[in-house]
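Where a number appears in this text, it was derived from the coordinates with a stated rule and is not lab data. Keep in mind that what you see is a predicted model, and the values were worked out from it rather than measured. Every residue, glycine as well, gets a Cβ built from its backbone with ideal geometry; the counts of neighbours run over all protein chains shown.
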Amino acid sequence: MTHRAYAEIKQRILTLGFRPGQFLNESTICQLLDIGRTPVHEALHMLKLEGLVEIIPRKGIMIRPDSLNDVIALLEARMIIEPSCMGLAAERAQAHHLAQLDDLLRQSRLAIESGDFPHFMSLDTQFHDELVNAAGNSMLADVMRLLHQRASRIWHLKVWSVDDLKLTRQEHEAIFEAVKRGDREAAISTAQIHLTSLKRRILRGAS
């Protein structure tokens, strides 16, 4: 039950069901999730360790906002780790990984055309998860998934234009083509280009 409480609270935080800076108390969360106090209490302490909530005595639970420094730190961490992961994916991707990546790119194009931005965000996460799977390193996968979970809240906070989504898809396409060719250096380079572009667009919106 603690795992369920943890997963549901975290999902609401990452998708802005609970807004940054919002104050809650354990009783309210228990009622919302229809889960007992002990699992919710334990889940909140797990989320505190991840930096997603602050537990403030006599005030309750605050959903911790991401500062600009947090966003920059997240992007720096991705820039250090993610290109190497894409390089491994280029070396190790199997046919089923490539088929799944190709299908996700196809679906993302349709999501843009239909204006379904939430679905595009979900596909973005799935695309990166599949690239991590293709890299074939479970330790790296754990780190990358944590970074992408934190990044998903930034996706939801920022208002993205259709042009932003189209550019993101084009950058994903370039990564995919490099991985498909088995070109390690190109996979690393295209991942770096994607992350640099993402950082520029996020910081432009924050200025």
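For the reader, a short list of remarks on this structure follows.
- Helix 184-206 vs. the chain, principal-axis angle (Cα, 0 to 90°, nearest 10): 50
- The Cα trace of segment 92-207 gives Rg and Dmax of 13.8, 43 Å, the first to one decimal, the second as a whole number.
- Cross-link partners for Lys10 among the lysines, with Cα-Cα distance under 23 Å and sequence neighbours closer than 8 places in the same chain left out: Lys48, Lys59, Lys158.
- Along the chain, the exposed loop sites are trypsin sites (Lys or Arg not before Pro) outside DSSP states H, G, I, E and B with at most 10 other Cβ atoms within 10 Å, and the longest stretch free of them is 60-207.
- Between Arg19 and Met46, the contour length at 0.36 nm per residue exceeds the alpha carbon distance by 7.9 nm.
- When only Cα pairs below 8 angstrom with a gap of at least 6 residues are kept, the chain shows a relative contact order of 25 percent.
- Highest-MSF residue in the chain out of Asp124, Asp66, Asp163 [GNM, Cα springs under 10 Å]: Asp163
- Each residue, Val143 and Ile56, gets one label point 7 Å from its Cα in the Cβ direction; the gap between the two is 3.4 nm.
- Legend: Rg and Dmax of the chain, from Cα coordinates, 18.3, 58 Å.
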